[in-house]
Structures are given as structure tokens and as C-alpha cells.
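Right, one structure below, let's go through it.
The values are calculated or read from the model by the stated rules, or taken from the named source; none is laboratory data. This one's a predicted model, so the numbers in the text were calculated from it and none came from an experiment. Glycine also receives a Cβ, built like all others from the backbone with ideal geometry; neighbour counts cover every protein chain displayed. Protein only, heavy atoms only, side chains kept; ligands, DNA and RNA dropped before computing areas. Shrake-Rupley method; radii C 1.70, N 1.55, O 1.52, S 1.80 Å.
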Amino acid sequence: MFRPPSDQPLRGACVRLGGSEGGLYDMEGALLASEGFMTLSLAYFGVPDTELPEQLVNIPLEYFQQAIAFLREQPEVAGRRVGITGASKGGEAALLIAATYPQAVGAVAAFSPGGLVFEGIDRTRTFPAGQAMSSWSLNGQPLPYIAYRTDWNALFAGPGPYSMTPAHREAVAAATPEEVVAATIPVERIDGPVLLVSGEQDQVWQATELSRRVKERREQSGLSVQHLWHPRAGHALSLPGLPTYSSVPWTSMGGDDDANAQLQFTGWQARLETLSAAWD
């Protein structure tokens, strides 16, 4: 838990979804706190010596519900609604959690997100392919998802880094209309502002296309949504002032440094405004 400095006015409270990292040494959580947000930085898989799942498979939404309840119980929060922010699968999760628990979550800032639930990521089986499972569960039942159709062994046979976006496009294209509907996150249930930040050169998944789905669905219901995107930015959108990067050892992230840096800055400013709106 990161608390703002004692002389800093409290602007709100938020949960930052950190995937397999997060916690005490989380730079993003600390920076949010420095801007006046009580921040719970929350890992949700792959953390050694914890009870969290090792892989991003069937993560129960109740885990996030309990974390949000804990944050709302803090004296400074006093039961008010909180914001939630995440990137990549954390962006997918942030939209899903806010749609599932609108009475507790009042704003969403999702970076490089997806508006669909995709198959879970179990690198010991799914990458390369194995038993398909959902990323998330609710009430003990896996949520409907878009299954991958890619031959991972063939994809990873050549030299990396590898672009994963074609695999995600292939998965959506191969799904039946009924499967797409079932896997679509009901973002119209989110009660509060929604911020989407994406780069059109994203090489992990088609975040800009997926964000446009979210935007269209919100707008059709007459609801608030903001989509910031850049035609030359990629997937890895870090914090303003930090170095940018377009790939990691095995995966291409996409985008060029200038565009990524621009979107990091504008996205950060918009994130602060969006999260603070949960208390307005």
C-alpha cells in the first residue's frame, strides 16, 4: 500500500494491477501516491512464496473484489469508490473488474487493453499450445474466452523477438459470433469514466482495435469514454520520463521511441484525471 505524503491532499484511491510484479517496490504505485492517490499495487499471479496462481489462468475475480474491499476499508477512503488501472492483461482485467463490481469501482484507466477475454496464458502448456483455459473465473466458473488458434511451435521456431498480434487477430477472426459475444467485456456496466490508451503499432495484440470496440460499446450506451492512441506507438507504455522500449528478449512490443514517449506522457496526465473522477 502506498500512501500520499502527509502534506499532499488526497485526490482518490486506486488499485494498480501489476501482473506478476507489484508490491512494495512498485515505481508506478509510488508515483501515483506522490500525486495524491492512496494506491494498492496488486500482483495476481506468478509471485513465489504466495498462494497466487503460478500462471495467468482462471484467476478468480473474487480476489480483486477482496482487495478493493480492503482498500475501501482504509480510514482515508472511508468506503468511497476507488479507481482501477492496469496495462495489457491488466487492462483487460481492469475493464472486467470494473464491469463486475461497479458499486465499488468508479473509474478505469486501461493501457494497451483488450475489450475481450482471451485464453489464459500458461507458459508451461499454452505457450506452446496445451489445454485451453480462461484467464479469469467468477463464482468458481471460468469466464467465456476467445481461444488461440496459432501453432506456437511454428511461430517460435524462428529467431525472436516474435509479434503476437497476428495470433490475437487470428483468434478473433476464427471465433464464432456467439463466442465473440460471450467473451466481450460488458463495459456498459462500468459506472464512471473509462480511459483507454493504445498504440496502433502494438505487437502484442491489436490494442487500438480492441479499444475501439470498447469505445463504440460505451458510446452506444451514451456513457463516458476517452481513447488516446498514437499511430506509431506500441504496447509498452511506461511512465513519463522513463526510457521507452520496443521489444523484450522474446516478444516485440512495437512502436518507435518518440511516439511511445509522447503517449506515455499524455496517457499519464489523463490517468490522473480519470482516477480522480472516482471521488468527484
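Evaluating I121 against the criteria (1) open to solvent by 10 Å² or more (accessible area, probe 1.4 Å); (2) modelled with pLDDT of 95 or more; (3) within 19 Å of M253 (Cβ to Cβ); (4) not aromatic (F, W, Y) leaves one unmet condition, (2). Select from the range 204-229 the residues that are among the polar types (S, T, N, Q), in a loop (DSSP other than H, G, I, E, B) and open to solvent by 30 Å² or more (accessible area, probe 1.4 Å) and list them in ascending order. S221, S224, listed by residue number. Residue by residue through the range 210-243, note down the ones that are over 20 Å from L275 (Cβ atoms) and without any contact (Cβ under 8 Å) to a residue 24 or more places away in the chain. Within the range 210-243, R212, E216, E219, G222, P243 qualify.
Being of a type outside the set (D, E), open to solvent by 20 Å² or more (accessible area, probe 1.4 Å) and not in a loop (DSSP other than H, G, I, E, B) holds for only one residue in F64, F70, F45, and it is F70. Residue check: is G241 over 18 Å from the mean Cα position of the chain (by Cα), on the phi > 0 side of the Ramachandran plot, among the small types (G, A, S) and part of a loop (DSSP other than H, G, I, E, B)? In short, yes. Just to be sure before I move on: is Q201 more than 15 Å from the chain's Cα centre (by Cα), within 22 Å of M27 (Cβ to Cβ), in contact (Cβ under 8 Å) with a residue 24 or more places away in the chain and open to solvent by 50 Å² or more (accessible area, probe 1.4 Å) in the structure I sent? The answer is no for Q201. For first residues located in the range 66-86 and without any contact (Cβ under 8 Å) to a residue 12 or more places away in the chain, partners that are assigned to a helix (DSSP H, G or I) and aromatic (F, W, Y) and lie 6+ apart or on another chain with Cβ distances below 7 Å do not occur. Looking only at the range 153-185, residues that are surrounded by fewer than 16 Cβ atoms within 10 Å (Cβ to Cβ) and farther than 19 Å from L116 by Cα come to 8 in all.
Which members of the range 169-198 meet the condition of being charged (D, E, K, R) and part of a loop (DSSP other than H, G, I, E, B)? Before you say what the answer is, go through the steps one by one.
Filtering the range 169-198 for residues charged (D, E, K, R) gives 169-170, 178-179, 188-189, 191.
Result: D191, single match.
Out of curiosity, is Y101 at pLDDT below 95 and in contact with a helix residue (DSSP H, G or I) (Cβ under 8 Å, 6 or more places away or on another chain)? When the stated conditions are applied, Y101 does not pass them. Please determine whether any residue of the range 129-147 is assigned to a helix (DSSP H, G or I), at pLDDT 95 or above, surrounded by 22 or more Cβ atoms within 10 Å (Cβ to Cβ) and in contact with a strand residue (DSSP E or B) (Cβ under 9 Å, 6 or more places away or on another chain). No, that holds for no residue.
When the range 38-86 is filtered for residues that are out of contact with any strand residue (DSSP E or B) (no Cβ under 8 Å at 6 or more places or on another chain) and more than 24 Å from G140 (Cβ to Cβ), the ones remaining, listed by number, are P48, D49, E73, P75, A78, G79.
Of all the numbered requirements in (1) in contact (Cβ under 8 Å) with a residue 24 or more places away in the chain; (2) more than 17 Å from the chain's Cα centre (by Cα); (3) assigned to a helix (DSSP H, G or I), P166 misses one, and that requirement is (1).
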